[in-house]
Amino acid sequence: MKKKQVLIFWFVVCSILMGYSQSKENSKMTILKNGFIFDDKFDSKKGSIVIDGEKIKDILYTEDLTKYPGADVIDITGKYVMPGLIDSHVHLATVPDLNREKNNKYMQDQLSKMIYAGITSVRDMTGNAIILADYKRASTLNQLPAPSIFYAAQFGGAAYFDSMRKYSKDKSDTPWEQTITEKTDMKIAIAEAKGAGVTGIKIYSDLTQDLIKKIVKEAKLQGLQCWSHAAVFPATPTDIANAKVNSMSHAFDIPYDFTTEKMNRSKRPDIDEKKLDKLLLLMKTNNVILDATNYIGNNNKLYVGMKVTKRAHELGVKVSAGTDWPYLFEKDHVVPLFKEIKILTNDCGFTNKDALISVTVVGAESIGVEDRGVIAIGKRADFYITNSDPSKAIENLQDGFMTIKSGITYTENKI
Ligand SMILES: [Zn+2]
């Protein structure tokens, strides 16, 4: 191309890009008119929400909407608007189907099930990062009905990966599944994980407190979250809380803290109430969120998790709502997240409002993001709108009217 042609080419490209950004600026606004809007304490007030693109532009507690002439209006009179729900523990692609078409269908079906149930963000607690990255991108670009996806790299000791890969042909590490030893260059390990698109490290199994501390330090330096199992061995839940991870998963594994004997991985000791309080208060001080996952716990008869969660809540530990359970195989078709929330209110002493805070405000904190989880000007336009009030009866979460993610509406009733 000659110099003149090059200049004309770039002029055309720039014009297209400028036109694109201008059309984005002039994008039509949408008003959710006259609904009951929940604040971060889950008290509601009648008002309207102005959405501009993927963000909340304004919240009006007046009937006068003339400030935004020409905006599209969705009448939600008598309906209830909360922030989009967040499942803090899913596994979308942990054992992907080897058949590509089947796997794509499975991914799309579960993501669709989630979004139509009001779930606008999920934290995936380790799986195949190539598949997760592909779907994260597709969700970000709103190419399919899906929540925003955040995912982790799995860090564990040699013994853990040896047993995991016993029957697998490929026994090598990947950036999202790494064997960590004293010899690991942590800077490189974390950087590789980051390169796989993760936003957190999942501390999984067979690691010492020393190694966990090194992981946490480097992960935080490189801007990643640290999410740990409670049952890591030899590190105890107290060791993990002391290492200041961001969240600890599985309330039913917390009792592994209450023994001085060599720990038995298959048998949980009885609760020692004094030691439990000490650990929970340490979690509270170090701002470690309890990712309780009681639905999977109860399905495996690990009812002790509910006792732990109840006490954690009484002492002021933040509890997120995570299911750790597949979404497509529930015989009653109720989404697992609603069951997780119901356990919080039925068995763990949570008020309806407390449980709703867990699945929104604490959910966002468990992912480590500040742009969602509450309804406020400047936050993402992620909402779940119900026909009836979930703060009065938690079952009303199943009475969905509409999900909005990134300002895009999903109304097809697929629940
Ligand atoms: Zn899990």
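The values are calculated or read from the model by the stated rules, or taken from the named source; none is laboratory data. The structure presented is a predicted model; accordingly, all values stated were derived computationally and were not measured. Positions of Cβ are generated from backbone atoms using ideal geometry, with glycine treated the same way; all protein chains shown enter the neighbour counts.
Overview of results
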| quantity | calculated |
| --- | --- |
| Complete set of residues in the stretch 73-109 that are closer than 30 Å to Arg165 by Cβ and among the aliphatic types (A, V, I, L, M) | Val90, Leu92, Ala93, Val95, Leu98, Met107 |
| All positions within the stretch 56-87 that are more than 16 Å from the ligand (Cβ to nearest atom), under 19 Å from Ile367 (Cα atoms) and assigned to a strand (DSSP E or B) | Met82, Pro83, Leu85 |
| Residue ID - farthest from Lys33 (Cα to Cα), chosen from residues in the stretch 46-84 that are basic (Lys, Arg) and modelled with pLDDT of 95 or more | Lys55 |
| Residue within the stretch 162-177 that is modelled with pLDDT of 95 or more and within 16 Å of the ligand (Cβ to nearest atom) present | yes |
| Output for the stretch 226-235, where each listed residue is in a loop (DSSP other than H, G, I, E, B) and either free of Cβ contacts under 8 Å to residues at least 24 places away in the same chain or surrounded by 23 or more Cβ atoms within 10 Å (Cβ to Cβ) (or both) | Ala230, Ala231, Val232, Ala235 |
| Qualifying positions in the stretch 101-130 - in contact with a Pro (Cβ under 7 Å, 6 or more places away or on another chain), free of Cβ contacts under 8 Å to residues at least 40 places away in the same chain and not in a helix (DSSP H, G or I) | Val122 |
| Answer residue from the stretch 254-290, given it is closer than 20 Å to Arg123 by Cα and free of Cβ contacts under 8 Å to residues at least 60 places away in the same chain and is nearest to the ligand (Cβ to nearest atom) among those | Leu290 |
| Those residues of the stretch 367-386 which are under 20 Å from Ala117 (Cα atoms) and among the small types (Gly, Ala, Ser), in sequence order | Gly373, Ala381 |
| Filter result for the condition that a residue is in a strand (DSSP E or B) and not aromatic (Phe, Trp, Tyr), over Thr360, Thr409 | Thr409 |
| Qualifying residues in the stretch 291-331 (those that are buried (at least 16 other Cβ atoms within 10 Å of the Cβ) and on the phi > 0 side of the Ramachandran plot) - the one nearest to the ligand (Cβ to nearest atom) | Asp324 |
| Residue in the stretch 9-28 that is hydrophobic (A, V, I, L, M, F, W, C) and at pLDDT 95 or above present | no |
| Test: residue in the stretch 137-149 that is away from the ligand (no atom under 16 Å from the Cβ), free of Cβ contacts under 8 Å to residues at least 60 places away in the same chain and of a type in the set (Lys, Arg) | yes |
| Residue satisfying condition, being under 29 Å from Gly368 (Cβ atoms) and among the hydroxyl-bearing types (Ser, Thr, Tyr), within set Ser88, Ser48 | Ser88 |
| Single match in Val95, Val90 (criterion: within 16 Å of the ligand (Cβ to nearest atom), closer than 23 Å to Thr174 by Cβ, among the β-branched types (Val, Ile, Thr) and crowded, with 16+ Cβ neighbours inside 10 Å) | Val90 |
| Residue count for the stretch 363-399, restricted to those that are of a type in the set (A, V, I, L, M, F, W, C), buried (at least 20 other Cβ atoms within 10 Å of the Cβ) and assigned to a loop (DSSP other than H, G, I, E, B) | 2 |
| Residues located in the stretch 170-195, provided they are assigned to a loop (DSSP other than H, G, I, E, B), basic (Lys, Arg) and more than 22 Å from Leu132 (Cα to Cα) | Lys183 |
| Residue within the stretch 110-128 that is under 30 Å from Ser205 (Cβ atoms), exposed (fewer than 15 other Cβ atoms within 10 Å of the Cβ) and within 16 Å of the ligand (Cβ to nearest atom) present | no |
| Residue among Gly322, Gly305 that is assigned to a helix (DSSP H, G or I) and in contact (Cβ under 8 Å) with a residue 40 or more places away in the chain | Gly305 |
| Test: residue in the stretch 237-253 that is surrounded by fewer than 23 Cβ atoms within 10 Å (Cβ to Cβ), within 16 Å of the ligand (Cβ to nearest atom), in contact (Cβ under 8 Å) with a residue 24 or more places away in the chain and not in a loop (DSSP other than H, G, I, E, B) | yes |
